[in-house]
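The values are calculated or read from the model by the stated rules, or taken from the named source; none is laboratory data. Since this is a predicted model, take the numbers as computed values, not measurements. Cβ placement follows ideal geometry from the backbone for every residue including glycine, while neighbour counts extend to all protein chains displayed. The protein model used for the area step is the full one, side chains on, heavy atoms only, and it has no ligands, DNA or RNA in it. Shrake-Rupley method; radii C 1.70, N 1.55, O 1.52, S 1.80 Å.
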Amino acid sequence: YDAISIFPFSLECYKLLVLIYVMCFVCVCMQAIQGNDITVKSYKVESRITSRFAHTTVKSSVVNSGHNAQSIGFNVEIPKRAFINNFTMNVNGITFTGSVKEKSVARNLYAQARARGKAAGIVRTNSQAMETFRTEVHVPPGSKVEFELHYQEMMQRKLGVYQHTVHLQPGRLVPLLQVDVYIFEPKGIKFVTASNTLGEQFSDLTKITHTKEKAHIVFKPTLQQQCKCENCTESAVDGVFTVKYDVERESNAGELQVSEGHFVQFFAPSDLSPLSKNIVFVIDVSGSMWGLKMKQTVEAMQAILDDLSMDDYFSIIDFNHNVRCWNEDLVQASSIQVNEAKKYIQSIKPNGGTNINEALLRAVQMLLRASNQGLIDPRSVSMIILVSDGDPTVGEIKLSTIQKNVKRVMREEFSLYSLGIGFDVDFDFLERIAMDNRGIAQRIYANHDAADQLKTFYSQVSSPLLRTIAIHFPENAVNNVTQNRFDKFFHGSELIVAGKLQPSDLTTLQSLTTASANMDLNIQTEADIHGLDSVLSTHQHSFTGFARQMWAYITVNQLLAERSLAPTANKKRRITQRIMALAVEHQFVTPFTAMLVEGHDQGGAERLIADSPRDSKHGCCSSTKSKQKFPEYSFMFCLCYLPHPFDFNVVDNDPHFIIHFPKSNMDICFNIDSKPGHILNLISDPGTGVTINGQLVGSKKMKNNKIDTYFGTISIYSKTHGTFIIGLSISFFIYTIMHLLIYAKLLLIRMRVTIVKEEHVTVTIDGKISVMVLLHRVWKKHPVQVDFLGVYMSSDNKYSTRVHGLIGQFAQEPELKVYGVHEGADPKKKEATMVVKGNKVAVTRGWQKDYRRDKKRGSDVYCWFIHNNGKGFIDGSYTSYILPQLDSFLTAI
């Protein structure tokens, strides 16, 4: 209510007015959450790719151009295999910088920073593959926020190309929107393209500059070009910007590069004849595959079967609770057999459970039988391709046992590839069982192009060119070499080995690659140890540390894979220690490290409180919970703005008082232990005619021989310009509209009331005094606790000089001095002496909770705690503030 004139409204009219107001308030909240008053000034992405290693930086400058504090989000989708290695943020001149620590160390430092009142946040991942970086910062109006995220990844060659993708989601029309991709390849760039995947209107906006060794790709649409339509204010920029390229290769297909004491060997031959294949397709046809999943699997299998050559042998196993074989033995991929197999696939009807264990064992037995019968060419490649969308439900269902069973019967020359359809599948299990058997796993997203995803994956493994590849280096020249032995090499892919150089007088480094194909191969490669560094120093946009970071990137990923297969807890621990040490040294955020983001206040009054939400389904700053469910693989950290860092006077919980003193930037806490039914005065101001009182209710049972008390009713009473009272009780929140009408006489010429049902009520009087009353609910049959209210009053409230009360007496800030800080009985809580109002008071460093933004857990407010009901801090005894009625004013103390 801003101003409602006094008319003889009926009860129904009052109900309608209140309902209209509540509806309007909800709409305003939604607009704030959606961020219609957020201005994105710039959004820039820069990728520097040097020798297949990419360092990408995403920068965004944003302003809260609204009239209220609100949350600003910075969401960046990054490639799944990328490691975040830096994040910085600047909020109104306060810079937040990140540093990667071991996860436990980061958590401890984070807790210490919070204990000191220092702003901090944690960026961390979990064991799921990460894909989305989310940041949320809650800032006051007019605030400028600059975000900067860095991540690194190694380009993987698939089907003859390297593909670099940048997800563009500025969310707004942006005056300066720009993407720059710089590529430097010492051996030369064969081709580079930037296919348009953002929409037809952007087809001619990408500019490519290409020389022999370098390429620069620029995408920079103007404001007008970003618009969805001619008169639209919405941005059409929402999608993937893709750059594809390949490099020139010498005839031996080997490329050895040395830089800054590290080396990288690339190997990708192409002029070889494919080896023949022996494939068993194992297809899940349980009930969960019904519908689109099965339709697209059948469509993909039709195309895959057509791709088989006459030199290939194959069979098909489909399984639900039973296991069926199209043919008990491998058969040659003749046109007749392929057509029969396609008819069989077409006839499959999904139903029943999932017996993965028996299906995989039957597939291995089929390959073993063919090998024992001499059907398999010794130079051919044998593989099992598993397609499934769920966990085992029939037969052996323990995942570790299934993994052991398959590992036990698989021969060294067989490989298992796992394709998991949808998000319900246990992809971690499919990945482990594939890696344990010389294969890889891939998640297939269950959408309209799942068939294309299946066909693309098969294309990557359909043309094996080499077997048993080994890349050797002189023993006295290198150390810490990554995996250098590989089972297979497929057409269009690439093998990469990295390591460190040992100190020596050598000027060149040599490598020898051996492999088995239709004929044995021996390939030698040589590189100048110092030549590449000289070249890199002359290129402005090259990434000079690429070899060092690429070695670390490959090593960490291999250790993560090794850890997932480690048979004992002790071995897992040893691998984990190696991962953490490398990740900290090279600043990678991994499942075992975290980025600690700390704020550095350069003399300004603003601070930030940062936290990581425990529930990823909700945002962390807004009290209005988001209904958006983040994907399982996303991770997030949040930064919430609290001025100074806390700018309210609070009475909450049982009841805890927090008094904020802006001049000394200090918070003081005390409790009042009184009796149920007592009415305590918080504000008594004869000058403005306002009194604010709270009546206590007791807990249901005694705790430590004491009844805890809480505020059950808050009254806000004014006797100026006529008498009225608003009483806010527990039942008021439960029946918001009716109790507003009962408790308020609605002479609201001077008063504005904002209601969020069952959440909080904010009352503003004359635009000078603002009070928020927060409802805390407990479950209905809680044996001890009761519902209660919390009171939050702005430190900027304008009272008269005559104001008093448990809170009101501190409107004029007294002089405070804290000295003699020393260790207390509790090592987490220091003790000291405070001088206030001429009294020396013993104080303890502790914390209370601010529940405005998170009613479950609250945010910590660190304060000096005064014992004995605030004795020596408040005027007189707390009993002097007990009043007879909810509308009473204090008499002289």
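Observations
- Hypothetical label at H867: residues of the stretch 652-669 whose amide nitrogen lies under 16 Å (7 Å Cα-Cβ projection): 669
- Sequence-separation-based contact order of the stretch 277-462, relative, with Cα cut under 8 Å and 6+ spacing, percent: 24 percent
- For the stretch 277-462, the per residue solvent-accessible surface stands at 41 Å², with DNA, RNA and ligands left out and a 1.4 Å probe.
- Out-of-range pairs (alpha-carbon distance over 25 Å; input K703/K849; K158/K187; K349/K407; K158/K455; K780/K855; K80/K103): K349/K407
- Volume of the convex hull of the stretch 784-893 (Cα atoms only), normalised per residue: 169 Å³.
- Set against the 2.2 N^0.38 Å expectation for a compact globular protein, the stretch 657-883 has a Cα radius of gyration ratio of 1.05.
- Residues of type lysines that K144 reaches as a straight line, Cα spacing below 18 Å, ignoring anything fewer than 8 places off in the same chain: K41, K44, K59
- In this structure the stretch 657-883 gives 46 Å² per residue of accessible area when probed at 1.4 Å with all protein chains present.
- Projecting label points 7 angstrom from Cα along Cα→Cβ for L375 and E758 puts them 6.5 nm apart.
- Distance violations [Cα-Cα > 19 Å] among K675/K781; K675/K700; K675/K701; K244/K277: K675/K781; K244/K277
- Counting only heavy atoms of the protein chains and using a 1.4 Å probe, W326 has close to 50 Å² of accessible surface.
- With every protein chain in place and a 1.4 angstrom probe, the accessible-area ranking of S534, S674, largest first, reads S534, S674.
- Within straight-line cross-link reach of K190, aspartates and glutamates at Cα separation under 20 Å, skipping those fewer than 8 residues along the same chain: D180, E213, D246, E248, E250, E255, D271, E494
- Contour minus Cα-Cα distance for K207 and D528 (0.36 nm per residue): 112.1 nm
- Put simply, when 463-472, 338-347 are sorted by average Cβ atoms within 10 angstrom per residue, most first, you get 463-472, 338-347.
- Rounded, prolate or oblate (a/c below 1.5 giving rounded, otherwise prolate when a/b exceeds b/c) for the stretch 175-237 by Cα gyration tensor: prolate
- Under 15 Å from the T544 label point (7 Å along Cα→beta-carbon), backbone N, the stretch 495-531: 531
- Spin-label pair T233/K343, simplified geometry with 7 Å Cα→Cβ offset, distance in nm: 6.4 nm
- Here the stretch 657-883 has 51 percent of its accessible surface on carbon and sulfur atoms, given a 1.4 Å probe and all protein chains in place.
- Apportionment of accessible area to carbon and sulfur, the stretch 550-593, percent (1.4 Å): 56 percent
- Accessible heavy-atom area order of R362, R857, highest first, probe of 1.4 Å: R857, R362
- Longest to shortest principal axis, alpha-carbon extents of the stretch 277-462, angstrom: 39, 33, 28
- Counting only residues at least eight positions apart within a chain, or on another chain, there are no lysines with an alpha carbon under 17 Å from that of K571.
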